[in-house]
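Everything on this sheet refers to the single structure shown next.
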Amino acid sequence: MWKTSPFSSYWLNAVFLWAGGTGCIFSAGSYHSNKNEPGSPFFALKPGTHPQSSVRPVTELPRINISHTAILSYNQQIYLYLRFHKNKFSMLDLAATKVHDEARQGEQFAPFKNDPNSYGKRFYIESYGCQMNFADSEVVAAILNKEGFGATRNVEEADLIFINTCSIREKAEQTVRKRLTDFKKFKTGKPGTLIGVLGCMAERLKSKFLEEEKLVDIVVGPDAYRSLPRLVDEANDGQKSVNVLLSREETYADIAPVRLNSNGVSAFVSIMRGCNNMCSFCVVPFTRGRERSRDSESIINECRDLFEQGYKEVTLLGQNVDSYHYIPGNGTEANAVSFANLLEQVALISPELRVRFSTSHPKDITDDVLHTMAAYENICKCIHLPVQSGSTRVLQLMNRTYTREWYMKKVDRIRELLPGCSITSDIIAGFCTETDQDHQDTLSIMDYSNYVYGYMFYYSERPGTLAQRRYQDDVPLEVKKQRLQEIIEKQNQLSLADYKKDIGQTYKVLIDGDSKRSNEQWVGRNSQNKVVIFPKQENGQHKKGDYVQVLINDCTQATLFGEIV
Ligand code: SF4
């Protein structure tokens, strides 16, 4: 699969196979219109009235919150592919550092190591899409664990088989349907086995899933995982069940899932769920609901817990972190916690704890956030600022709510207040009615913003989105691919030029672990989130999670090489 030209349609489809669900890249039509659609009712949960509050996994597990990734998308596949094929460094080095982990697609949820408990019943979860979905799978695991289910990676011994789905592209949904056919033999082989579908595709299709896939017993949306024990009981009594209620409150803040696959150095911490923006190409507002910010105290406690457990970096996650807004208890607007406040409170936990965040929406990132980043060395100088297009006309069709000129002013402001800060972005090629001049505008805004790297893909229509309902997907596929190729080549040039400027510089690097290329080398990242590979010192004085000063002496367009000084 890796040998084909990256731009043959098969490969591009394969890339999107792992389409991550969220992140600032996908949207659906006008959210409100869905409210009255049968099957998508909402209900509000008053804080503290959760039907199953204080869900906790088995007692010996430390209180660790899974982080949600949000933001990430299938275009990262293209980015990963480029970096994999065009660079010296091994793919595995990268996988450890980015929120969307290609290698994790289809991963089974792992049972707890040396788990003293014996379980009469077993569950199996296979996850697809973005980090948000992987984090949700760990929330589900904690809930099922409390019900006496133990995890297994062997689907044949499972009583409950779950697939946590992604709905961002047709290809992602086809993957799910294919896996369901694979599961058929396990169900016939072990009568009574239940099959459930979780995540964004469950939310998008709702009860229709049961009609289309007779094999499925349970369909649960991203906001309804607390109801799983009840739905499992109903399905055991032979009643197929669906819960796709989207919530205005649910953040699973009180659930302490287990972080099994972390490298023990950096962790993701979800600060909010859902998205209120209505980008016309994106399904996220449909599949993950309205924005809700998590209780700031629980976020800070989780980050402090992680630091006390030895983690040295947290990434605050949400589809649009800059619109984080939390009013504590029965407080008022006067004591609301903004994203800048939260960022500062997390940075104050310890100067040894690095803080990153993703994803920002250009219209919401404020000077307060930029000043807060400038004030704290441990807040990393890297901003993911999806532009999507460089043409104001296309931005309006995308309902991105800013213009080309406005976006460029935002880049100027970042350069002014945070010299040396790296900016990354998301770009869509070939959106409805895009002309060659619009495409040239995209290429020129890339030059202007000088992105360090980008996530790039061509437009693919999604059911139910505003774009699908209103606009013709009229740019021919060949033109889309051609424009995407030009955008990727532009990004390659920008990345290489930017990395070359780092040669001769010395950076403070956080060691993530052994380089996958050789265990005589460390891999880590600098504040700009650039991967750095450097040899270990003979005296073995350093370890994973240490900060070291590295002098850069070589680079590719995606990796810096150097030595400890
Ligand atoms: S900001 Fe736009 S692209 Fe990003 S998740 Fe929200 S609706 Fe989708």
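Things to note:
- Amide N proximity, the range 446-476 versus residue 437 label position 7 Å along Cα-to-Cβ, cut-off under 17 Å: none
- Rel. contact order, % - alpha carbon contacts under 8 angstrom, at least six apart, the range 142-226: 29 percent
- Qualifying GluC sites (Glu not before Pro) in the range 326-432, where qualification requires a DSSP coil assignment and no more than 14 other C-beta atoms within 10 Å, comprise 352, 377.
- Protection-proxy order for peptides 511-519, 526-534, each taking the mean of Cβ atoms within 10 Å per residue, highest first: 526-534, 511-519
- Ranking of 325, 439 by count of other Cβ atoms within 10 Å, fewest first: 325, 439
- Length available on full extension from residue 104 to residue 503: 0.36 nm per residue minus the Cα-Cα distance, which gives 140.4 nm.
- Label positions at residue 184 and residue 298, each projected 7 Å from the Cα along the C-beta direction, are separated by 4.1 nm.
- For the range 466-565, the spread of Cα positions along each principal axis, largest first, Å: 63, 26, 22
- Per-pair calculated FRET efficiency, R0 = 25 Å: residue 554 and residue 493 via Cβ, rounded to 0.05: 0.85
- Model label sites at residue 485 and residue 521, defined 7 Å from Cα along the beta-carbon direction, differ in position by 3.1 nm.
- Inter-part distance where the range 143-187 and the range 440-495 are each reduced to a Cα centre, Å: 33 Å
- Each of 503, 383 was scored by other Cβ atoms within 10 Å of its Cβ. Arranged with the fewest first, they read 503, 383.
- Separation in nanometres of the label points that stand 7 Å from Cα toward Cβ, at residue 147 and residue 177: 2.8 nm
- Shape of the range 102-243 from the C-alpha gyration tensor: rounded (a/c under 1.5, with a ≥ b ≥ c the square roots of its eigenvalues).
- Pairwise centroid distance, computed over Cα atoms, of the range 365-430 with the range 200-218, Å: 38 Å
- For the range 260-301, the residues whose backbone nitrogen is under 20 Å from a point 7 Å from the Cα of residue 335, taken along Cα to Cβ, are 293-301.
- Per-residue Cβ neighbour counts within 10 Å put 446, 132, 398 in the sequence 446, 398, 132, beginning with the fewest.
- Three-way shape call for the range 244-318 based on the alpha-carbon gyration tensor, with the a/c threshold at 1.5: prolate
- Label zone (residue 377, point 7 Å along Cα-to-C-beta; backbone nitrogen cut-off 15 Å) within the range 528-553: 528, 547-550.
Rule-based calculations on the coordinates, nothing more; no lab input. Everything quoted here is computed from the prediction, not taken from an experiment. Glycine gets a Cβ as well: all are built from the backbone with ideal geometry, and neighbour counts include every protein chain shown.
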